[in-house]
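One structure is given here, and the rest of the page talks about it.
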Amino acid sequence: MIDSPGLTKKEWPLAFELQGALDDASSFSELYESTEQVLARLCGAHHVALCMAQPDNPMAFEFKTRTLQPLLGDLPRWSSTDFVSRGVIQRPNSALTEREMLQGTAIEQTETWRRSRDKGLDLHRVLAMLVLPEGPGVAGGVTLYWEDPRLSPRKSQRILDWFMPRFRRAFQNIHRITECTTRQQVLESIAGQDSAALVLTSRGKEFLRTASATALLRRWFSRFELDASGLPRQWVERLTLLVRMDGQLGPEPYTWRREGTCRDLEVTFQPMHVDGLRLWELKLKETVLLPKAWRVLLTPTQLQVADCVLRGMTKEEIALELHMASNTVKEHTDACNARVGADGRGDFIFRAFQLNRTP
């Protein structure tokens, strides 16, 4: 990737938004919808068009544009006379201005400009980039148009060149995901695992979760700690940091921990590359402090009560949790204490901690 294109303080948020959109897109339509407006704002362009080769015909392109359909809708019929199509083919994977593509010819003398005027457009400045894959895959393209001849696309050219590798990955990801029947099939190995895990996009959007992850979220987080999508805000913030630093951090930020009264929760953030799709797997590991030696001493009901005690729950909370009377809870806690040789609740918790920390 080239050096930073000299973005201003106001432009950096747009750049991060574009980066996230490119990393997250799983279809061509989603790619266009999530990037069209931010590209127009970041580059000050009046019109934006994206194209992508059809998998079964690499020479045929599908166009997505909100304002240029009258001009580009029938481009395959006259692409041989379109200076943009000819120019980007000669220099792929680089953003080119109309002057670089025309090589001295006035834009007013081109078939492209004439057709744009016939369609009620007045295109004077063009910036285009043909994105070719590094290996097998499909090609894509980005084209920006300006109607004001006084505007210069030079800075926008640096921006597109800066984002070229991410555009390349985006087109590759879309192609590979399209080959799958469903998104579930892409990650069926994760969905089928017994351990608790969440799979998120790099923008903190939930992609998949295992069944046991939901129970842990309910146990460890109040609704005030969750965002509108039901994810812990702390996790989304940590993921945002990891994505922005892009591997420049040490190992510590990739692990998030929370200590409970008698349980600990550890979450490991692990980048994934599934068929080229960039995702993050969050592996959830809960440490329960009920010693293994005690698990053979207690009955199933006593194990439930003991677990609640080690989670710091009161007698009344245990009664509500296990749907039993408070007196019944007391009978079970007394039985637990007797079986493990504890003098009371405090001694029970202390002994559990000691046993779990003995090598």
Scanning region 12-31 for residues that are surrounded by 17 or more Cβ atoms within 10 Å (Cβ to Cβ) and not hydrophobic (A, V, I, L, M, F, W, C), the one nearest to Phe163 (Cα to Cα) turns out to be Gln19
Could you say whether any residue in region 190-198 is open to solvent by less than 20 Å² (accessible area, probe 1.4 Å) and modelled with pLDDT under 80? yes
Unmet requirement for Gly6, which otherwise passes all of (1) open to solvent by 20 Å² or more (accessible area, probe 1.4 Å); (2) modelled with pLDDT of 90 or more; (3) of a type outside the set (S, T, N, Q): (2)
Is it true that some residue in region 256-263 is modelled with pLDDT under 90 and part of a helix (DSSP H, G or I)? no
Subset of region 285-306 (residues that are closer than 28 Å to Phe269 by Cβ and either open to solvent by 50 Å² or more (accessible area, probe 1.4 Å) or without any contact (Cβ under 8 Å) to a residue 40 or more places away in the chain (or both)): Lys285, Thr287, Val288
Hey, can you tell me all the residues within region 75-89 that are closer than 16 Å to Trp113 by Cβ, surrounded by fewer than 19 Cβ atoms within 10 Å (Cβ to Cβ) and under 36 Å from the mean Cα position of the chain (by Cα)? Leu75, Ser79, Arg86
Index of the failed condition, Val309 passing every other in (1) within 28 Å of Ile177 (Cα to Cα); (2) open to solvent by less than 40 Å² (accessible area, probe 1.4 Å): (1)
Taking region 312-346 only, how many residues are closer than 24 Å to Glu259 by Cα and open to solvent by 40 Å² or more (accessible area, probe 1.4 Å)? 8
Total residues in region 292-323, condition closer than 20 Å to Arg219 by Cα and not in a helix (DSSP H, G or I): 5
May I ask you to list the residues in region 90-107 that are open to solvent by 80 Å² or more (accessible area, probe 1.4 Å) and under 22 Å from Pro165 (Cβ atoms)? Gln90, Arg91
Here the residues within region 205-244 that are under 16 Å from the mean Cα position of the chain (by Cα) and part of a helix (DSSP H, G or I) are Arg233, Gln234, Trp235, Val236, Glu237, Arg238, Leu239, Thr240, Leu241, Leu242, Val243, Arg244
Being out of contact with any strand residue (DSSP E or B) (no Cβ under 8 Å at 6 or more places or on another chain), of a type in the set (A, V, I, L, M) and within 20 Å of Ala45 (Cα to Cα) is the filter here, so list the residues in region 70-113 that pass it. Leu71, Leu102
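Per-residue answers, yes or no, for (1) on the phi > 0 side of the Ramachandran plot; (2) of a type in the set (D, E, K, R); (3) in a loop (DSSP other than H, G, I, E, B):
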position	(1), (2), (3)
Leu130	no, no, no
Gly141	no, no, no
Tyr145	no, no, no
Leu151	no, no, yes
Arg158	no, yes, no
Met164	no, no, no
Identify, please: which residue in region 117-152 is open to solvent by 40 Å² or more (accessible area, probe 1.4 Å) and closer than 16 Å to Leu71 by Cα and is, among those, nearest to the chain's Cα centre (by Cα)? Glu147
Per the filter on region 347-359, residues open to solvent by 40 Å² or more (accessible area, probe 1.4 Å) and either within 17 Å of Gln304 (Cβ to Cβ) or β-branched (Val, Ile, Thr) (or both) are Thr358
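The values are calculated or read from the model by the stated rules, or taken from the named source; none is laboratory data. Bear in mind that the values here come from a model prediction, so they are computed numbers and not experimental data. Because the Cβ atoms are built from the backbone with ideal geometry, glycine has one as well, and the counts that use them run over all protein chains shown. Ligands, DNA and RNA are stripped out before the accessible areas are found, and what is left, the full protein with its side chains, is counted by its heavy atoms. Shrake-Rupley method; radii C 1.70, N 1.55, O 1.52, S 1.80 Å.
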